[in-house]
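A quick write-up on the structure given underneath.
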Amino acid sequence: MSAWVTKEVMRWGCLCSRRSLWQRSNLMGKKSPKYTTFPSQQLAHIWGTKHHQTCLESNRVSSVRFYSKGTIHSEILEEKEPLSSPLAKSSLPDENQSDETQWTSSLMDRLKSCLSPSDVLDLTSENAPTVKQISSCLCHIWFVAKRMSTDNRRLELQLMFEHPGFDVLLQQAMTNVGRMGNGAVAYSLISMVNLGVPQGSRVIQTYLRNCQENLNGFDERSLSILASCLRNMEQSNNTDALKEGVRMVVEARLPDIKNVMALQNMMRMLGKDTPTGLKRKFEAKALSMSKYFSVLDSQHIITAMATMNFFSKPLLDICSKITQENLHGMPFNPLFETMQSFRQLQYRDFEVLTNLSEYAASMIDIWTKKQVVLFLSVCERLTFCPAAPMEAFALKVIENPKALTLKDLLCVVKVYSTLNYDLQHRKQQFLDSLVPALVSYLPKMSSFELLKVVFYLCLLGHFPSALLEPLLQSSTLEKFKSTDPNYLANQERMFQTVNLCLHLEHPVLPQPLTVPPTLLGAPVLESQAVIPELSQCLQSVMEDQENSTLQERVLVLGFHFIDGVITEPPTSETDSGSAESRPRIAVIFPSHSSFCFGTSHPRGTLALKMRHLKTLGYDPVWVTERELNSMPEEERTDFLRDRIFPELRSQAEVETLNTNQESQTVQSS
């Protein structure tokens, strides 16, 4: 019954109409221009996505090319004579011909020696391939193409599209799709899509319709290949209908799936739109297969979960453990994709990230600078500080900073500043090596990129005039007046930070620099809301503090917010100065994300805030919401008192120790 329902749904999903799939009106009045470049994104649909897709008539044959660039053929297609090539004139060999076996063996042997798409097309132009061989030829074309370098592949595929044999091969593939097995159909479809055949073309749409009609007959492997193909296809009526059909079939067959690759292909294809119930079924199925996971399986499952936007901690724990146990010799790309998936899912495991960091440090001399920068960047987005690779890479930057591109330099400055990584005695040397490289890219920098560079360097406490002066000159500042409103708040925050650093830290510059008030935005009129738990604890702490005062919700310099300021009594009886001259403790309640993951090390903006408060004479003390809420309410006050007044804790410990010693003396006597 379920199989019949699936097939009926697929039939209705085709949106059949009386209009032929490839009938089109004359839009341009001329033929499509000659194809000149390969990239598939430049290949236009033969018809618009708003046209209703129709049931295909498999017996219609036309000599029209199966792809076009930027326009549509002018003529209304109709029945025509086949192409005039020898291959087109001859029908496909009958499967019962006496020389089929000899020709099959000959073609397959010669196919293995073809090293380019044109070689395969030359071979198929000599003799027509059988129905079973069409899929092999298409697959081999993609197989040899994907092994080429990017530039070589682009050239070879351009030659392929211009080769007359490619038209013929696609025509033979289309007209004989009904005689192919489901596996051959799936492999042929994914090969054509990967090669860049436009997804709106007749041949692709014909294959999609064939898959719809025969979907219930697809075995697990064929269904996996089809799912892998559909994952990267554009939306269209036929594609969407087929995806829905695959979803129904997959859900029905999920308990019987045995291959992990097939499972993750289906997960990726369904993506974020997968119903929650089906996501849970995928999770249960994957967990039941987890004891058979290889390293590659684990990585694929992790990326599949990211594609689905589905967080399963049990599954992530299993897969990440397998990954970290097999790091030795792991190529960069799968490692980076795994970490990207961690970032998308906001999954963090300190042990896993530490092991990945140590592995990256050992690969510093093997990975390219670009790869190291990408690794550091994804760590920064996970708020994890990979200390070992950051230390090692800093030496590489010091040696040759100009080897980095502008994009990489911007990323390096961001990573080291937002993670607040302290290079200690190498810090100044590192910063001094970065600045000349950044200055050399000034002509290529946008005004916003320049602002970001200066902002990140300010977080690090570095103020190079060679970058500050170009940013604060009138011609550059004028460009910020037309900023998109969506980015205006972020821009104002960065300018406020730069301006505050210049006025508070007084860097030595050739000339005084300041940010015009018009770029600072409106002043902050209201401070943040009080935290009830913290406020109650602070007031309890202050009950036994004589002559000390508490002020809550303080905004310093119109920029830095302090949850509570405790002003202590004068240090001596003769000193009765103002509150500013008396000891002041700034109690801060930062979010947990303000620290590097797994540590108490403050990140960029929090580190800047603490630096500025110390400059203003405050003694900053922080406590996180997680710390406060992790203990019973009756213990919170003592915890906060120990954090704010550590000297009282030390005195109490001494008194307790003395009391214990006196007690022991009495007992011994």
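Tell me which residues, restricted to the stretch 468-482, are touching a residue at least 40 places away in the same chain (Cβ under 8 Å) and not in a helix (DSSP H, G or I). Within the stretch 468-482, none qualify. There is no residue in the stretch 123-146 that is aromatic (Phe, Trp, Tyr), crowded, with 17+ Cβ neighbours inside 10 Å and either over 22 Å from Ile225 (Cα atoms) or modelled with pLDDT under 85 (or both). Among residues of the stretch 429-456 that are under 16 Å from Glu469 (Cβ atoms), those with a beta-carbon under 7 Å from a residue that is part of a helix (DSSP H, G or I) and among the basic types (Lys, Arg) at least six positions away or on a different chain give the pairs Ser440/Lys402; Ser447/Lys479. Of the residues making up the stretch 465-472, at least one is surrounded by fewer than 18 Cβ atoms within 10 Å (Cβ to Cβ), out of contact with any helix residue (DSSP H, G or I) (no Cβ under 6 Å at 6 or more places or on another chain) and among the hydroxyl-bearing types (Ser, Thr, Tyr).
Scanning the stretch 433-464 for residues that are surrounded by fewer than 18 Cβ atoms within 10 Å (Cβ to Cβ) and part of a loop (DSSP other than H, G, I, E, B) yields Ser446, Gly461.
For the stretch 483-519, the set of residues classified as part of a loop (DSSP other than H, G, I, E, B), hydrophobic (A, V, I, L, M, F, W, C) and touching a Leu at 6+ places or on another chain (Cβ under 8 Å) consists of Leu509, Leu513, Val515, listed by residue number.
Suppose we keep only residues that are part of a loop (DSSP other than H, G, I, E, B) and of a type in the set (A, V, I, L, M, F, W, C) within the stretch 375-427. Which one would you say is most open to solvent (accessible area, probe 1.4 Å)? Looking at the filtered set, the residue picked out is Cys385.
Restricting attention to the stretch 355-374, the residues that are open to solvent by 50 Å² or more (accessible area, probe 1.4 Å) and in a loop (DSSP other than H, G, I, E, B) add up to 3. For the stretch 619-638, the set of residues classified as more than 18 Å from Ala529 (Cβ to Cβ) and in contact (Cβ under 8 Å) with a residue 60 or more places away in the chain consists of Arg636, Thr637, listed by residue number.
For beta carbons closer than 8 Å, sequence separation of 6+ or different chains, a first residue in the stretch 113-132 that is over 18 Å from Glu162 (Cα atoms) and a second that is open to solvent by less than 50 Å² (accessible area, probe 1.4 Å) and of a type in the set (Phe, Trp, Tyr), the qualifying pairs are Asn127/Trp103; Thr130/Trp103. All of (1) over 17 Å from the mean Cα position of the chain (by Cα); (2) more than 22 Å from Met289 (Cα to Cα) hold for Phe375 with one exception: (1). Inspection of the stretch 171-183 finds no residue satisfying the criterion of being open to solvent by less than 10 Å² (accessible area, probe 1.4 Å), within 11 Å of Ile134 (Cβ to Cβ), out of contact with any Ser or Thr (no Cβ under 7 Å at 6 or more places or on another chain) and assigned to a helix (DSSP H, G or I). In the set (1) open to solvent by 30 Å² or more (accessible area, probe 1.4 Å); (2) over 27 Å from Asp219 (Cβ atoms); (3) not acidic (Asp, Glu), the condition left unmet by Phe166 is number (1). For the stretch 225-259, taking the residues that are polar (S, T, N, Q) and without any contact (Cβ under 8 Å) to a residue 40 or more places away in the chain, the one that is farthest from Met269 (Cα to Cα) is identified as Asn259.
Gln344 meets all of the listed conditions (1) open to solvent by less than 50 Å² (accessible area, probe 1.4 Å); (2) within 23 Å of Lys285 (Cβ to Cβ); (3) of a type outside the set (D, E, K, R) but one, namely (1).
Among residues of the stretch 307-332 that are closer than 21 Å to Gly277 by Cα and free of Cβ contacts under 8 Å to residues at least 40 places away in the same chain, those with a beta-carbon under 8 Å from a residue that is part of a loop (DSSP other than H, G, I, E, B) and open to solvent by 70 Å² or more (accessible area, probe 1.4 Å) at least six positions away or on a different chain give the pairs Phe311/Gln346.
The values are calculated or read from the model by the stated rules, or taken from the named source; none is laboratory data. The shown structure was predicted, so the numbers you read here are calculated from the model rather than taken from an experiment. In this analysis, Cβ positions are derived from the backbone assuming ideal geometry, glycine residues included, and neighbour counts consider all displayed protein chains. Side chains are part of the model used for accessible areas, which takes the heavy atoms of the whole protein and leaves out ligands, DNA and RNA. Shrake-Rupley method; radii C 1.70, N 1.55, O 1.52, S 1.80 Å.
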